[in-house]
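Written out below as structure tokens is the structure these notes cover.
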There are 2 protein chains.
Amino acid sequence: MITIYLAEDQEMLNSALSAILDLETDFKIVGSATDGQTALQQIINLQPEIAILDIEMPKMTGLEVAKQLRIIDQDIKLIILTTFARKNYFESAVSNRVNAYLLKDSPTDVLVGTIHQILSGKTIYDSALVSTILSASNNPLTKQELKIMKEFSQGKSTQEISKTVFLSYGTVRNYISSILSKTGTHSRIEALNVAKKNDWM
Amino acid sequence: MITIYLAEDQEMLNSALSAILDLETDFKIVGSATDGQTALQQIINLQPEIAILDIEMPKMTGLEVAKQLRIIDQDIKLIILTTFARKNYFESAVSNRVNAYLLKDSPTDVLVGTIHQILSGKTIYDSALVSTILSASNNPLTKQELKIMKEFSQGKSTQEISKTVFLSYGTVRNYISSILSKTGTHSRIEALNVAKKNDWM
DNA sequence: ACTCAAGAGTGACATTTGTCACATTGATAA
DNA sequence: TTATCAATGTGACAAATGTCACTCTTGAGT
């Protein structure tokens, strides 16, 4: 019997998946949670063979849970199950050595198939995800530029930004000018839109 | 046997729910789709007693599907099933006389229960939703202000906005000034953040 | 050793933005 | 029947923003 733990904050999907997986003759759902913290604790206690983790959950993301679990348990099989084909998420997942990264845009039988596959040692990345990642344009913004962009995305003025990042007023303006030129825009709002579209934030 | 159609664009939830509902002895899933257009056509053809509609779907939203269905069929029971407790969505749903509005933050047995309840003539609104709606602050922005806000949310300059909405440069600036004062902010980006937080867009 | 990018800065300039005061019109609520 | 509000507009002012040109330092790569 393959023991599985499910961490998914959307109740409807959580309860539906629990039921579906439990119907499989060789699967046993040993527990489920709707937030990351509870999930982490219970997985440590229950020691399932497989943990299915959503990324965006309250209290702790699935990626953080994965990271913590990998520290104390090298063998547990981890499946990230998320809506988002985001480069950042995927990179973090890979560096935490998850065994599979699936999108919720796949039907349940793909999930069932994946569970069997990773048990035989394979690593599965959703193909739709991989093509999205490959076609994603690379972030041309430097660390500082990104930092400053995050500041003005909150609506801060140049003055306020210069204070919170400890840079001169002029320097901040130069960075913003550079951001605008790299995004091919002429205003902060446009730049933010471009950054969001390309997942640079 | 109660015939049910399911329109839900997230494959994982779609397939999981189809399976779960079909397990109920008195339910029969007669079809499902992952976009609104297909859903509308098939519902018209298949004439199920109940249609479960997600809101955010490709091609046509669940709310639009509901509207079209109500025009040609007064009797079909409609259930809106969505992630979002948004006032706009809810108001639109009510005006299209849906029989239930559920959040995906409820477990599957609530959905099953709801189906039975609406068949006996009841109308069900998720309680979490209702309290969210009641506590939602009312949009203080006028139509014009909203229109102009949508323009500058795309990053347009005052000049560009004045051209696309056929208003003088000065008038647009007055509207923006008024938006800033109503949102209690001093910049467009801040105003946008406030509007997003309060669901005024 | 040389080049290049990132980081930090100054100064100057033209525009854009945000703010105010004020005015007219039409609809609507008290 | 007044107010009040939305919609529209002008003019003027101060501050913020975006752009350029230039400088300097440091670290990484060729």
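Taken together, the values in this text are just the output of simple stated rules run on the coordinates, not laboratory data. Since the structure is predicted, the reported quantities are computational estimates derived from the model, not experimental observations. We place every Cβ from the backbone using ideal geometry, glycine too, and count neighbours over all the protein chains shown.
Please label the shape of the protein assembly as shown as rounded, prolate or oblate, based on the square roots a ≥ b ≥ c of the eigenvalues of the alpha-carbon gyration tensor (a/c under 1.5 means rounded; beyond that, a/b larger than b/c means prolate, else oblate). Display every interim value, and only then the final one.
Details: a/c = 2.26, a/b = 1.24, b/c = 1.82.
Oblate, since a/c reaches 1.5 and b/c is not below a/b.
Of A:L46, A:Q68, A:A16, whose Cα points farthest to the positive end of the dipole of the range A:1-77 (charges on the beta-carbon: +1 Lys, Arg; -1 Asp, Glu; origin at the Cα centre)?
A:Q68
Can you tell me which of A:L13, A:L21, A:L111 moves the most in a GNM of chain A? Springs connect C-alpha atoms under 10 Å apart.
Highest fluctuation among the options: A:L13.
List the distances, in nm to one decimal, from the label point of A:T171 to the label points of the same position in every other copy, shortest first, placing each label point 7 Å from Cα along the Cα-to-Cβ direction.
4.6
Closest beta-carbon to the B-to-A rotation axis: which chain B residue owns it, and what is the separation in whole Å?
B:A16, 2
Counting only residues 5 or more places away or on other chains, whose amide H sits under 5 Å from the amide H of B:I124 once H atoms are built in the peptide plane?
The answer is B:A100, B:Y101.
Let me know the mean shielding of B:100-110 by other chains, meaning the per-residue number of their Cβ atoms within 10 Å of its Cβ.
So the per-residue partner count for this stretch is 4.
Near A:K147, which lysines are there with a Cα under 20 Å away, not counting those fewer than 8 places off in the same chain?
List returned: A:K87, A:K156, A:K163, A:K182, A:K196, A:K197.
Among B:164-175, A:24-35, what's the highest-first ranking by average C-beta atoms within 10 angstrom per residue?
A:24-35, B:164-175
Going by average Cβ neighbours within 10 Å, how do the peptides B:85-95, A:46-56 rank, with the highest at the top?
Averaged packing, sorted descending, gives the order A:46-56, B:85-95.
Hey, got the average number of other protein chain Cβ atoms within 10 angstrom for residues in A:78-89?
0
With a 10 Å cut-off between alpha carbons and a GNM built on chain A, which of A:L102, A:L40, A:L23 moves the most?
A:L23
Give the separation of the Cα centroids, the range B:172-199 to the range B:1-64, in Å.
Spelled out, the Cα-based centre of one part sits 40 Å from the other.
Mean residue ellipticity at 222 nm from the helices of chain A, using -39,500 (n - 2.57) per DSSP H segment of n ≥ 4 over the full residue count, to the nearest 500 deg cm²/dmol?
-16500 deg cm²/dmol
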